[in-house]
Structures are given as C-alpha cells and as structure tokens.
Amino acid sequence: MTEPLSPPRAVIFDWDNTLVDSWACIQAAMNATLTAMGHAEWDMDEVKRRVALSLRDSFPSLFGDRWTEARDVFYRNFAAIHLDYLCPLPGVDAMLRRLSALGVKMAVVSNKNGRFLREEACHLGWDKLFECLIGATDAPADKPSAAPVRLVLDAIGVTDTDGVWFVGDAAVDMECAANAGCVGILMREESWRDGEFDLHPPHRHILCCGDFTDLVSELLVPISPI
C-alpha cells in the first residue's frame, strides 16, 4: 500500500541527476582525474555505480595520501567544463516555477561543491527560486549526514523536519532523508536495482517531475467535490 502523504512544508531537492543531467560532465572530469593519477578510466556504468558521496568523503579511499592532489585536478577539470555541459532534466524548469507559484519553500542539498552548485543555479536562472543551495563542504559533513539539512532548516525558518520532503535520485538521498527525519521521495525513471534501497526505502517513487508537480499541486490545492 502506498503511504499517504501530507502537503509538504518545504521541499529539499538533490541537484545532480534529479534536477540536471550531470553524468557526462562527471564522467569527463573524473576520467581526466583518474588518468592524471595513473588509474584506469571508468565507463558510464561504473561512474553511476561509484559516484554518490562528496569528494571529501570519496577521494581519500580512492586516491589515498594523494587525494588532495586528485581533488585539485578534478576541480580544475570540472570548473573548465561544467557550465558547458549543464543540462536541465526535461520539465524541471516548469516544475520549479509551478512550485514557486504555489508558495512552496524549496532548497537544494547536494554533494556537488557548493561554489559549483550555486554557479550552475545562477546560470540556469534558478537561484532566486530556492531559499538556499547547500553543497559539499558548506556543512560540517555532507550527505548522507543530516548536517546540510539542518542548514536548510535554519535558512527557511523551520524548526523540525516534520512535513519536509527530500527529493533525490539515489540511495544516498534516501539515507540522508532518513537521517534527517524527512519524507524521502525518489524521483527518477530508472528502475531500482536489487537491494538498492533496502536500508532506506523511499516513501514514494515518482517517475518524473511532471508527476511530482501534479502530486504537490493536488495536496496543496485539492479538487473540490462537485
């Protein structure tokens, strides 16, 4: 049975591959880094399987004592290309503007570096639609920690996560939602992999942003009976 949902007090979105298509850019910057560090490149399947945590949480295990060197290589390559690669997912712009018109408080929590995140939001003209955009290193810890969600709550003036939705495309997002006490909404067309969400299942799986807009609209503006 589908768990009933109450109207959201606020909606926190993941960024990469929830609102924008980032896989090709991440792969290009990651493979440039791997090559520079003497590692084999990753195909797209491996990129999607291995990229979820923030750089400061993932690079030490991947590159050991040279992780800060690898970080600098990655940031240099990413900075040179990320705006050129930037591509909103279909229907996202309309979704965000509709939710804004409905008065929904919106924010972003991403494991993308905060500077790059805010540059991308500004480039797309979305920065004014969000109460705040929290990226990696903006909080004491990154997703799946609840720390960046707490920064959002402070920014939007909400004292707890009751009725706060966290919308993302990956297991790390649902884990962050669970850790923060948010309602975890999985939004992606791709089907689940076996065991992917066993530890932190989403409250609802929605295939696309159009369906998400319809859901929120129905909860906030219910149709009067005839």
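Relative to the longest principal axis of the Cα atoms of the chain, the long axis of helix 92-101 lies at roughly 40 degrees. 3J(HN,Hα) along the stretch 42-56, derived from phi through the Karplus expression 6.51 cos²θ - 1.76 cosθ + 1.60 where θ = phi - 60°, amounts to 9, 7, 5, 4, 6, 4, 5, 6, 9, 9, 8, 6, 5, 4, 5 Hz, with x in place of Gly and Pro.
Computed 3J(HN,Hα) for the stretch 60-73, one whole-Hz value per residue from the Karplus formula 6.51 cos²θ - 1.76 cosθ + 1.60 where θ = phi - 60°, is x, 6, 7, 10, x, 5, 9, 5, 5, 5, 5, 4, 5, 5, glycine and proline marked x. Considering only Leu96, Val109, Ala139, and ranking their Cα positions along the charge dipole of the stretch 85-140 that arises from unit charges at the beta-carbon of Lys, Arg, Asp and Glu, the one farthest toward the positive end is Leu96.
Placing a label point 7 Å from the Cα of Asp127 along the Cα-to-Cβ direction, the residues of the stretch 135-154 with a backbone N closer than 15 Å are 135. Considering the chain as a Gaussian network with a 10 Å cut-off on Cα pairs, which listed residue, Ala155, Ala28, Ala147, attains the greatest mean-square fluctuation? Of Ala155, Ala28, Ala147, the Gaussian network model singles out Ala155 as fluctuating most. For the chain, the mean residue ellipticity at 222 nm estimated from helices alone is -14000 deg cm²/dmol, where every DSSP H run of n ≥ 4 contributes -39500 (n - 2.57) and the total is divided by all residues, rounded to the nearest 500. For the stretch 88-153 versus the stretch 14-56, the inter-centroid distance based on Cα atoms is 20 Å. In degrees between 0 and 90, to the nearest 10, how far off the longest principal axis of the chain does helix 171-180 point, with axes built from Cα atoms? Once rounded, the angle reads 60 degrees. Principal axis extents of the Cα atoms in the chain, from largest to smallest and rounded to whole angstrom, are 67, 37, 32. Which one, His203, His82, His123, has the greatest fluctuation when you compute a Gaussian network model over the chain with C-alpha springs under 10 angstrom? Of His203, His82, His123, the Gaussian network model singles out His123 as fluctuating most. For Ala139, no residue has an amide H sitting under 5 Å from its own, ignoring neighbours fewer than 5 places away on the same chain, with H placed 1.01 Å from N.
Towards the positive end of the charge dipole of the stretch 23-85, with charges on Cβ (+1 Lys, Arg; -1 Asp, Glu), say which of Trp67, Ala28, Ala80 has the farthest Cα. Checking the options against the dipole of the stretch 23-85, the answer is Trp67.
Mind telling me which of Glu120, Glu190, Glu131 comes out most flexible in a GNM of the chain, alpha-carbon contacts under 10 Å? Most flexible of the set in this elastic network: Glu190.
Between Arg66 and Thr137, the FRET efficiency estimated from the beta carbon spacing at R0 = 25 angstrom works out to 0.85.
The numbers here are math on the coordinates, done by the rules we state, and not lab data. Quick caveat: nothing in here was measured; it's all calculated off a predicted structure. Neighbour counts are summed over all protein chains in view; Cβ atoms, including those assigned to glycine, are modelled from backbone coordinates with ideal geometry.
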